[in-house]
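The values are calculated or read from the model by the stated rules, or taken from the named source; none is laboratory data. Note that this is a predicted model, so its numbers are computed, not measured. Counting neighbours? That spans all protein chains shown, and the Cβs are built from the backbone with ideal geometry, glycine included. Note: areas computed on protein heavy atoms with side chains; ligands, DNA, RNA excluded. Shrake-Rupley method; radii C 1.70, N 1.55, O 1.52, S 1.80 Å.
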Amino acid sequence: KFDDEIWMASCCQVNSMSRFAAEFCLYQPDCRLFCDKGMDCKYLKRGQLSQRGEAAVHLDTFCHVAHDVLCAAAAADMNARGTEVVNLPNLRHHPRVLLPYVSKCWVIPNYAKELHDLFATDLSSFPDALKGAQVVVLAHGFRVNSLRLLRTSWVLRQLTRSLPQRIVVLAFLWPSHRHHKSYAKARTDATEAAEYFATLLLLLGKLRCTVSVVAHSLGCRVALTALTALTALKPGASGASGAGTDVPQLEHVQVQYLALLGAAVPRDALEPRGEFPRDRLLARNVDIFYTH
């Protein structure tokens, strides 16, 4: 089951929430909705008491499968089919690119190592569904797996259906770790994930997409780090290393709107002397949402 308006870009290793993948892949995810709690879902345990209200909606919307069964089915699919890399035919069915229930994907060059390769890449083979589209990019926070991210993407997709323009939801999956005690590691990995996020924004800019970013919690650090780094690459940017003069396509990269939800950054992070000064963010409009 796929949706033309739901896409995913993942730098996270399959079956791991703490390791980066060998390749940064863009693809359409399997949009079947599985509850990430599986058979331990609280609504299932409540039995007949769950057959109304919010619980009834949840049970009607999500499939509930034991975690080991879900993993075994995904592994069987990967072993049986593999994933075709559309823009790099020599990587077809390469063991580094195996995505469950995904028959084809596109590999995106790494920002830090292959920036110029990205701009030299012929993007004609990239999906037409993204070219010139209005795209909302989701950057998730701490301890979010692919099932939870897909659920959020699906909810946002439902909210945008009523809009007159076509909106594509593109979820960015990064290794945000599984355990509560791993926050420090996840925070460190957020900095590396920002390089992939910046690459994704560069790609969308070259595809002439109109981009908005919605980031939550630690995902805000990912987005802010990426947007600050991209500003430094702009030709003539203050403090730029000069790299920007070699990548003129940066003029097409512009985030129209950035929403920061419960940002895991200091209160003064966007101040002139903060970690992410507002005037150094490659974002036209910024809204910050939080609760006391």
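Structural remarks
- Among the residues of region 13-46, those that are among the aromatic types (Phe, Trp, Tyr) and either without any contact (Cβ under 8 Å) to a residue 12 or more places away in the chain or out of contact with any helix residue (DSSP H, G or I) (no Cβ under 6 Å at 6 or more places or on another chain) (or both) comprise 20, 27.
- Within region 165-219, the set of residues being open to solvent by 10 Å² or more (accessible area, probe 1.4 Å) and of a type in the set (Ser, Thr, Tyr) comprises 182, 183, 188, 191, 196, 210, 212, 217.
- When residue 84 is tested against (1) closer than 30 Å to residue 133 by Cα; (2) modelled with pLDDT of 90 or more; (3) of a type in the set (Asp, Glu), only condition (2) is not met.
- Test: residue in region 162-176 that is part of a helix (DSSP H, G or I) and modelled with pLDDT of 95 or more: no
- Any chance residue 128 is modelled with pLDDT under 85 and surrounded by fewer than 13 Cβ atoms within 10 Å (Cβ to Cβ): no
- For region 187-226, the candidate set comprises residues that are among the β-branched types (Val, Ile, Thr) and not in a strand (DSSP E or B); within that set, the residue that is nearest to residue 269 (Cα to Cα) is 225.
- Only residues that are out of contact with any Phe, Trp or Tyr (no Cβ under 8 Å at 6 or more places or on another chain) and part of a loop (DSSP other than H, G, I, E, B) were counted in region 256-275, giving 8.
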